[in-house]
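The values are calculated or read from the model by the stated rules, or taken from the named source; none is laboratory data. Here the structure is a predicted model, which is why all the values come from computation and not from measurement. Because the Cβ atoms are built from the backbone with ideal geometry, glycine has one as well, and the counts that use them run over all protein chains shown. Areas reflect the complete protein model, heavy atoms only, side chains present, ligands, DNA and RNA absent. Shrake-Rupley method; radii C 1.70, N 1.55, O 1.52, S 1.80 Å.
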Amino acid sequence: MKTANTSFECLLRRTLKRMAILSVSALTLSASAAELIKIDGSSTVYPITEAMAEEFQIAEKGKTRVTVGVSGTGGGFKKFCRGETQIANASRPIKEKERAKCREKGIRFVEIPVAIDALAVLINPKNTWVDHLTIDELKTLYAPESQGKVMNWNQVRSSFPDRPLKLFGAGVDSGTYDYFTKAVVGKEHSSRGDFTASEDDNLLVQGIAKDENAIGFFGYAYYHENKDKLKAVSIVYQGNKAVAPSPETAKSGQYQPLSRPIFIYVSLNKPTDALKRFVQFYLDPKHAKDYVSEVGYVPLPKVAYEKALNNFENEKTGSAFAGGSKIGISIEELLIAKTID
Amino acid sequence: MSDLIKKVDQAWLQPSERFIKRRAMRAAFMKAILFGCASLSVLVTLGILYVLLSESWAFFREISILEFLTDTQWTPLFEDAHFGILPLLSATLTVTGVALSFALPAGLILAIYLSEFASNSIRETVKPFLELLEGVPTVVYGYFALLFVTPLLQQLMPNLAGFNLLAPGLVIGIMILPYTTSVSEDAMRAVPNQLREGAYALGFNRMQTAVRVVVPAALSGITAAFVLGMSRAIGETMVVAIAGGQNPNLTFNPTEGAAAIPAYIVQVSMGDLPHDSMGYKTIFAAGLTLFLITLAFNIIGQLLKRRFREVY
């Protein structure tokens, strides 16, 4: 009951804030046209960026407007590299191909890790048979070879009941899907095709919350908001003991291999002052600590934000990921790693 | 004095040539504008058809129609891409079947009641309420199916999936009810009274008259109502997108979830598909399929409607 209460309070607070922003911007709209910062991309990063955007707009008293879209990490990068947005939310690093697109258009960017997410595997609270899953079992669930074949819970583990499987998961345009497939199946962007794959994480929450036989995966924040409707599965990796996803286990590095850094990419294509102010606001360790934990993610250590801001101000452009997602990389390593445009 | 009156009279009764010309021009101008408005709807339809055909053409250059119609898997965005429309089609048809199996009997009973039994005052009260159902936004119907009907049905059927085709089917049935009812009621009321009087003269009671005389006489109109309702159900988007599930699943079992054609289109349009990618083209191939099905049902419905009008 407590969780329901807090999530309701959170919603109420957000709504009030939104109203405040609206009234403030309505007041200033007549005085001068507000500057606009456009952001699009991952639904996993969305809750953080949205919280930052709201606080930032209040702090700016309507001088700047920030819009945050959700079209998946892939969709976000497409718009970003066409120059349509100034910031891309990303739950995986930028890909080779996407970097080439940005280069083509002359868009240089800074890669900034903003938080750590424990990519959660969720089941219905009435599911009594699963208390943990191994990575191999997850692979059985989602591997391409399982398509049309693994349709029943007892095919995953023989002690599981004879019940149909209802699979859900992040949409194929999302970084969450890419990271999950890389960490679980072993190959990025490779999975079975016969499951409900949606960019809309709320739809996945609905689907799993309403079906005893369901299992799915998405970013921790959406579990954090719906703890009363979902149950998170503990994960067994390389024979270690089962670890449940939580900010603590993600931070300590115990929740492997599904905890991962999530990013924003900031365009240096004629950056406005408002954009610079927004990035400074975003990377202020105090803001990060408050708003990142508020939505259920793990803030990075203070020095990481300072280093990241430093990278932004010194225009350290490019990505530290030449070969796609790295499983289990530390943030400190990431921020000092060599980057490629 | 009388001269002046005569002059004025003439000016009134015989308008100058200039005036007549201007009036004719104005009429022609208005006619052109009205014609433009009328042809706009036709042009828009043709434009949609053109876009659908040209984009689908690009799709069918890469995927053969045979594969499109016979492959049993639909996974266009995944690595192992399959382009079989059957799973989407099966879901669409299942939802439509459920919708009709509710709307057909309910609509018929309602129409019989309203046309043959209800007093004028009752009819005048009930009809606006029915029409109110038509005015409810479909997104509301969608969440009604997901958040109210599905949990209700799950109480009766514990094995019902969270996303299933049964709930959206029933809700779409409710949605098309006003339409099917009013069209079939019109058809029944168009049955000449002599037929009813003849039936009464032969000793039929009201029920027998309604069921054995009026309904058969209005049958083609009633059929038209349901065929038109069916084409509406097939194209209905929000309800299946919200409550039907988004997983392409070749099944005719309404207790399972599956993506219908409109639900698929909604789902892929939410991500950011690059122009010219295969995923982008599938939208149009799926859209064309939907268009052809609804077009066929509309034509059949219109033909039936016309036929029943010619009888009397």
Helix-only CD estimate at 222 nm, as mean residue ellipticity for the protein assembly as shown, using -39500 (n - 2.57) per DSSP H run (n ≥ 4): -17000 deg cm²/dmol
Candidate residues A:CYS102, B:CYS37: accessible-area rank, largest first, probe 1.4 Å: B:CYS37, A:CYS102
Helix axis angle, A:72-81 relative to chain A longest principal axis, alpha carbon, degrees: 30 degrees
Estimated FRET transfer efficiency (A:GLN238, A:ASN310; beta-carbon r; R0 45 Å; 0.05): 0.80
For A:186-198, mean number of other protein chain Cβ atoms within 10 Å: 5
Whole-number accessible area per residue in Å² for segment B:46-131, which is evaluated in the context of all protein chains at 1.4 Å: 50 Å²
Peptide-level mean, for B:69-82, of C-beta atoms on other protein chains within 10 Å: 4
Stokes-Einstein translational diffusion, chain B - Kirkwood Rh over all Cα pairs, 0.890 mPa s, 25 °C, in µm²/s: 106 µm²/s
Fraction of accessible area attributable to carbon and sulfur, chain A (%, probe 1.4 Å): 54 percent
Cβ charges +1 (Lys, Arg) and -1 (Asp, Glu), total dipole of segment B:61-193, debye: 420 debye
Relative contact order [Cα under 8 Å, 6+ residues apart], chain A, whole percent: 24 percent
Segment B:2-62: C-alpha gyration tensor shape, a/c 1.5 cut-off, then a/b vs b/c: prolate
Residue with peak Gaussian network fluctuation, chain A [Cα springs, cutoff 10 Å], from A:ASP173, A:ASP201, A:ASP284: A:ASP284
Within the accessible area of segment B:2-62 (1.4 Å probe), percent carbon and sulfur: 70 percent
Residues B:VAL140 and A:SER252, FRET efficiency given R0 of 41 Å [Cβ-Cβ distance, rounded to 0.05]: 0.35
Most mobile of B:GLY107, B:GLY169, B:GLY36 in a GNM of chain B (Cα contacts under 10 Å): B:GLY36
Greater than 24 Å apart at Cα, pairs in A:LYS166/A:LYS227; A:LYS139/A:LYS338; A:LYS79/A:LYS229; A:LYS231/A:LYS302: A:LYS139/A:LYS338; A:LYS79/A:LYS229; A:LYS231/A:LYS302
Chain B: most fluctuating residue of B:ALA285, B:ALA218, B:ALA81 per GNM, C-alpha cutoff 10 Å: B:ALA81
Theoretical FRET efficiency, 1/(1+(r/R0)^6), r = Cβ-Cβ of A:SER159 and B:THR255, R0 30 Å, to 0.05: 0.70
Where a label projected 7 Å from the Cα of B:PHE204 along Cα→Cβ would reach, residues of segment B:102-121 with amide N under 20 Å: B:108-119
Relative contact order (percent, whole number), segment A:188-341, Cα cutoff 8 Å, 6+ residue spacing: 17 percent
Exercise: per-residue mean of other protein chain Cβ atoms within 10 Å, B:160-167: 4
Buried accessible area, chains A and B (both chains, 1.4 Å probe, Å² to nearest 100): 2100 Å²
Kyte-Doolittle at least -1.0, axis length at least 30 Å by Cα - qualifying DSSP helices, chain B: B:17-62, B:86-112, B:166-189, B:278-311
